[in-house]
Amino acid sequence: MAHYHIFDLRAFEHELKTTDNPLLLFQQAIKQGADKLKARFEAGEIVTSLVRARAAFIDDLLIHAWHQYIPANAHLTLVAVGGYGRGELHPGSDVDILILLGDEDHAHLNKHLESLLTFLWDIGLEIGHSVRTLPECIQEAKKDITVTTNLMESRLLVGSSTLFNAMREATGANKIWPSNQFFAAKWDEQKQRHNKYGDTAYNLEPNIKEGPGGLRDIQMIGWVAKRHFNAKSMRDLVFEGFLTEREYHALIEGETFLWKVRFALHTLNKRREDRLLFEYQRTLADLFGFKDKEDNLAVEQFMQLYYRNIMRLNRLNEMLLQHFEEAILLKDQLEKPVKINARFQSRNGFLEVTKKDTFRTYPIALLEVFLLLQQNPTLKGVRASTIRLIRSNRHLINDDFRNDLRARNLFIEIMQQPQGITHELRRMNNYGILARYIPGFRNIVGRMQYDLFHVYTVDEHTLVVTRNLRRFAVPEHAHEYPLCSEIMDTIPKPELLYLAGLFHDIGKGKGGNHSTIGAVDALKFCTHHNLTDFDSKLVAWLVEKHLIFSMTAQRKDTSDPDVIQDFAKEIGDTTRLDYLYLLTVADLRATNPARWNSWKSAILRELYLSTKQAFERGLHKPQVLNELISEKRKDALKQLAKIGITQERAEILWGTLSEDYFQHISANALTWQTAQILQSTPADLPLVLLRRQTSRGGTEVFHYGKNNDGLFALVTTILDQLNLNIVEARIETASTGYTLNSYQVLEQSGNPISDQHRKQEITHALKKELSQKVHIEQAVSRRVSRRLKSFNTPTQITFGQIPGHQFTVMKLITSDRPGLLSQVGWAFASCHISLHTAKIATIGAITEDIFFITDSNNQPLTETSQFDGIKKALLANLNEK
């Protein structure tokens with residue numbers, strides 16, 4: 001018989017009788033089987049049949065191998081366990097087996113067993129095996145819930161059925177791990193597993209087996225069903241009343257989808273791989289037939305389908321486990337209900353409806369659920385039976401529902417509550433209510449953005465933003481961002497801020513500018529919910545402008561009074577400034593928490609305070625640059641006098657420096673740099689100093705010494721080799737030929753440099769290289785990370801002029817990579833370009849760096865040949881044409 005058309009079993013058996021090389025025969029069979037399965041998968045055959053076909057195929061091979069090495073009269077049993085025991089084998093899955101030994105002495109079989117296991121490995125099977133007697137099986141199963149779970153799914157392959165049945169009986173629920181203990185242990189195991197993956201199904205590179213909503217969560221339901229109900233399949237839960245027919249099909253459809261993804265991953269890698277890594281996502285999207293659209297990449301469409309599937313599975317898992325808890329752990333402990341109102345009551349600390357038809361007869365209760373949870377913080381959640389009713393009645397949220405004044409008032413009341421806003425918005429999303437009530441939200445559920453900047457799906461990011469905003473209002477978290485918490489206390493209507501957070505990215509995926517699209521949706525929503533015209537327009541404005549604060553802070557020269565003046569004009573007033581600053585901080589922190597750092601916090605804070613000062617001064621009285629510089633110099637002279645440095649000495653040094661130097665530097669930094677230079681001797685040069693800049697959020701690396709071509713390139717090369725992240729650079733060359741260079745750096749963790757040994761390492765490396773008479777171009781030896789390799793951004797180089805300023809602004813957009821700034825520096829050196837300021841912004845896998853440059857005579861670039869020369873040199877250094 002040929003199992004599932006994978007190979008000709010009769011022909012195999014015939015060759016096995018005649019061959020003198022069974023190892024080769026088995027190897028060829030495995031290869032042919034893998035090729036057949038791959039071809040059938042690519043032809044579109046349903047994956048469930050393929051997974052079971054492989055298990056049946058491996059059954060045949062193992063049974064024949066067993067007969068090759070194990071004597072016919074041996075009291076042994078070969079048992080399939082785990083996923084293989086269920087009859088499910090993906091291309092790269094381990095083949096888990098148990099060799100069950102009889103009670104008699106089996107020492108004479110050891111060589112046979114060793115030969116068998118060696119043979120199985122040699123033919124190319126990934127064997128996970130254990131060899132145990134019946135008492136050993138019982139002992140191990142008692143100690144380890146995982147062993148019990150594997151044995152529970154065991155299947156006899158060959159050998160003594162009596163021995164196999166005895167094992168099954170001895171490890172059953174009536175002997176060890178009764179269903180209540182088994183359920184409690186497996187639930188705790190799942191909680192620990194989910195915690196390992198951040199308790200979110202929305203990881204950028206999810207594990208499709210172990211992550212929340214993954215295959216293991218489906219298996220968890222099956223295990224409990226088998227242990228408690230003695231169920232043979234998931235469908236038995238429908239007969240037991242624990243699953244509806246619709247939920248059963250949702251589970252099976254979700255499992256089939258994940259099996260398809262897993263089968264493709266294993267086939268693609270030719271080994272077990274359960275992580276949906278960036279380098280596989282595009283390939284799988286193409287394999288499954290997704291095509292790029294103007295506003296939605298194929299890979300983003302595929303991943304949205306993936307995330308929506310695991311979200312549904314995660315919700316089902318949560319609901320069913322609550323059902324199991326009531327049936328298994330609380331079966332005799334359900335308390336009498338405590339009435340809350342005519343529609344709801346509390347039982348065992350969980351909210352439930354008083355009648356099964358509550359939502360059908362009073363649909364507004366679908367929102368009331370969440371308000372009651374906010375108003376009754378002692379409630380632990382929603383009872384599973386009520387969750388099921390919410391899910392089955394979501395269709396009642398239609399246009400009539402949304403137009404109902406009661407529903408509109410309820411939603412705004414939820415947003416105005418002093419507690420529970422984040423929890424209930426998240427619960428509304430989990431139950432599918434949020435996307436029903438706000439139709440635009442449906443488009444962003446599970447929507448990912450294929451980059452390294454956004455680590456969450458759009459809906460998850462949105463909910464994290466609202467959480468961050470709420471934390472500003474909670475006194476226990478005031479120490480995290482004191483300025484934000486202080487501003488939050490003065491906000492007259494925090495609910496407007498939460499609404500802006502809820503809508504700020506809702507326009508993504510609709511084509512066009514998502515900020516503008518979202519603003520239209522926000523205005524319509526707020527007006528529909530009877531907010532005042534002023535409040536509605538404020539929310540819409542916040543959504544439309546939610547990017548300008550961070551764009552200005554990271555890409556413009558905020559030390560320029562004109563930049564602050566223009567920004568203040570665009571903001572309009574302090575009320576908008578307060579709201580927008582809070583939204584910006586919350587948004588950036590929720591985009592990629594790992595990339596949020598003290599530097600970003602500092603530049604946003606600086607822009608906020610500078611703009612606030614502009615409002616306090618009056619926009620009709622813009623600050624003049626000369627006045628600003630004069631104030632800084634006066635403050636610095638006072639501080640310098642305290643340490644014995646006279647005004648005359650300071651003025652002599654300052655006379656060699658440009659106006660631009662004083663514009664960008666603070667009075668405190670001016671004092672420190674001046675003191676360090678004037679207190680040094682020629683023997684100290686080149687001067688390399690490090691200091692923590694609390695106000696700037698990073699560590700300043702200051703260099704003073706003779707100017708040389710390629711100096712910026714050399715310093716950035718060394719700093720990059722030291723694994724430091726450069727976030728800003730300011731270059732000043734004095735008329736004496738000496739240069740004052742300041743680099744703001746962070747560790748790769750995003751923290752300032754704090755360890756003294758680390759500071760000495762950096763200082764020593766810089767002084768050693770800077771002391772060399774000739775600076776030779778060096779390459780950074782750090783490797784490109786695996787994740788970065790998955791993204792390739794075409795390099796864009798543009799030039800522009802700032803009216804009234806002497807600089808040319810060069811913007812570089814390209815793929816992030818080790819040594820990027822170094823390569824830019826060497827290109828500038830080869831073209832005799834002087835760099836004055838660099839603002840570094842890395843957005844995921846993309847860098848968007850701004851360079852303020854001049855020619856060697858400190859004049860802006862004007863000739864096309866100059867621009868072309870820089871582009872050519874840069875592209876050559878970046879290995880691009």
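A few remarks follow.
- Among the candidates F257, F183, F164, the residue that is open to solvent by less than 60 Å² (accessible area, probe 1.4 Å) and closer than 18 Å to E325 by Cβ is uniquely F183.
Rundown of residues vs (1) in a helix (DSSP H, G or I); (2) surrounded by fewer than 19 Cβ atoms within 10 Å (Cβ to Cβ); (3) touching a Lys or Arg at 6+ places or on another chain (Cβ under 8 Å), yes/no style:
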{"site": "E480", "(1), (2), (3)": "no, yes, yes"}
{"site": "S485", "(1), (2), (3)": "yes, yes, no"}
{"site": "D505", "(1), (2), (3)": "no, no, no"}
{"site": "K510", "(1), (2), (3)": "no, yes, no"}
{"site": "A522", "(1), (2), (3)": "yes, no, no"}
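- Answer from S834, S790, S822, S830 - the residue that is open to solvent by 50 Å² or more (accessible area, probe 1.4 Å), on the phi < 0 side of the Ramachandran plot and among the hydroxyl-bearing types (S, T, Y): S830
- Filtered residues of region 339-379 (kept if farther than 23 Å from I414 by Cα and not basic (K, R)): N348, D357
- Residue check, L78 part of a helix (DSSP H, G or I), closer than 15 Å to L156 by Cβ and among the aliphatic types (A, V, I, L, M): no
- Scope region 680-705; condition open to solvent by 50 Å² or more (accessible area, probe 1.4 Å), outside any loop (DSSP other than H, G, I, E, B) and touching a residue at least 60 places away in the same chain (Cβ under 8 Å); matching residues: R692
- In region 706-721, the qualifying residues are those that are over 32 Å from the mean Cα position of the chain (by Cα) and surrounded by fewer than 19 Cβ atoms within 10 Å (Cβ to Cβ), and the one that is nearest to G825 (Cα to Cα) is D709.
- Residues being within 44 Å of the chain's Cα centre (by Cα) and loosely packed, with under 12 Cβ neighbours inside 10 Å - total across region 610-623: 2
- Taking the numbered list (1) modelled with pLDDT under 95; (2) open to solvent by 20 Å² or more (accessible area, probe 1.4 Å); (3) touching a helix residue (DSSP H, G or I) at 6+ places or on another chain (Cβ under 7 Å) in turn, L379 passes all entries but (1).
- A single entry from F401, F370 fulfils the requirement of being assigned to a helix (DSSP H, G or I), at pLDDT 95 or above, open to solvent by less than 40 Å² (accessible area, probe 1.4 Å) and more than 15 Å from M428 (Cα to Cα): F401.
- Residues of region 122-169 that turn out to be in contact with a helix residue (DSSP H, G or I) (Cβ under 7 Å, 6 or more places away or on another chain), of a type in the set (S, T, Y) and within 20 Å of W66 (Cα to Cα), as a count: 1
- T584 vs. criteria at pLDDT below 95, open to solvent by less than 40 Å² (accessible area, probe 1.4 Å), β-branched (V, I, T) and within 30 Å of N725 (Cα to Cα): no
- Residues that are under 25 Å from the mean Cα position of the chain (by Cα), more than 25 Å from L531 (Cα to Cα) and open to solvent by 50 Å² or more (accessible area, probe 1.4 Å) do not occur anywhere in region 386-395.
- Residues of region 553-566 that are open to solvent by 10 Å² or more (accessible area, probe 1.4 Å), part of a helix (DSSP H, G or I) and either under 23 Å from H477 (Cα atoms) or of a type outside the set (D, E, K, R) (or both): Q554, P561, V563, I564, Q565.
- One residue alone among L313, L321, L276, L243 is buried (at least 16 other Cβ atoms within 10 Å of the Cβ), under 25 Å from A435 (Cβ atoms), of a type outside the set (S, T, Y) and touching a Gly at 6+ places or on another chain (Cβ under 7 Å), and that residue is L313.
- Failed item, numbered, when I677 is tested on (1) touching a residue at least 40 places away in the same chain (Cβ under 8 Å); (2) within 30 Å of F567 (Cα to Cα); (3) among the aliphatic types (A, V, I, L, M); (4) out of contact with any helix residue (DSSP H, G or I) (no Cβ under 6 Å at 6 or more places or on another chain): (2)
- Residue within region 21-34 that is open to solvent by less than 10 Å² (accessible area, probe 1.4 Å), at pLDDT 95 or above, under 28 Å from M152 (Cβ atoms) and in a helix (DSSP H, G or I) present: no
- S598 in contact (Cβ under 8 Å) with a residue 24 or more places away in the chain, open to solvent by less than 70 Å² (accessible area, probe 1.4 Å) and under 31 Å from the mean Cα position of the chain (by Cα): yes
- Boolean, K175 is in a loop (DSSP other than H, G, I, E, B), free of Cβ contacts under 8 Å to residues at least 40 places away in the same chain, open to solvent by 30 Å² or more (accessible area, probe 1.4 Å) and of a type outside the set (S, T, N, Q): yes
- The set of residues from region 56-76 being open to solvent by less than 10 Å² (accessible area, probe 1.4 Å) and more than 17 Å from F26 (Cβ to Cβ) comprises just one member, L76.
- Leading residue by the ranking (nearest to the chain's Cα centre (by Cα)) among those in region 722-738 that are surrounded by fewer than 21 Cβ atoms within 10 Å (Cβ to Cβ) and among the small types (G, A, S): A734
- Filter result for the condition that a residue is at pLDDT 95 or above and not β-branched (V, I, T), over L109, L98: L98
- The residues of region 327-353 that are in contact with a Pro (Cβ under 8 Å, 6 or more places away or on another chain) and either modelled with pLDDT under 95 or more than 18 Å from Q375 (Cα to Cα) (or both) amount to a single one, R347.
- L670 being closer than 29 Å to P752 by Cα, open to solvent by 20 Å² or more (accessible area, probe 1.4 Å) and over 35 Å from the mean Cα position of the chain (by Cα): no
- Among the residues of region 461-471, none qualifies, meaning not one is open to solvent by 30 Å² or more (accessible area, probe 1.4 Å) and modelled with pLDDT under 95.
For every residue, the table says whether it meets (1) in a helix (DSSP H, G or I); (2) in contact (Cβ under 8 Å) with a residue 12 or more places away in the chain.
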site	(1), (2)
F615	yes, yes
K632	yes, yes
K638	yes, no
I652	yes, no
L657	no, yes
D660	yes, yes
N668	yes, yes
W672	yes, yes
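- D578 vs. criteria more than 24 Å from Q693 (Cβ to Cβ), touching a residue at least 60 places away in the same chain (Cβ under 8 Å) and surrounded by 15 or more Cβ atoms within 10 Å (Cβ to Cβ): yes
- Of everything in region 750-772 that is touching a residue at least 60 places away in the same chain (Cβ under 8 Å) and open to solvent by 50 Å² or more (accessible area, probe 1.4 Å), the residue that is farthest from H703 (Cα to Cα) is N751.
The values are calculated or read from the model by the stated rules, or taken from the named source; none is laboratory data. Values in this document were obtained by computation on a predicted structure and should not be read as measured data. Heads up, the Cβs are rebuilt from the backbone with ideal geometry, glycines too, and the neighbour counts pull from every protein chain shown. Just so you know, the surface numbers come from the protein's heavy atoms only, side chains and all, with ligands and any DNA or RNA stripped out. Shrake-Rupley method; radii C 1.70, N 1.55, O 1.52, S 1.80 Å.
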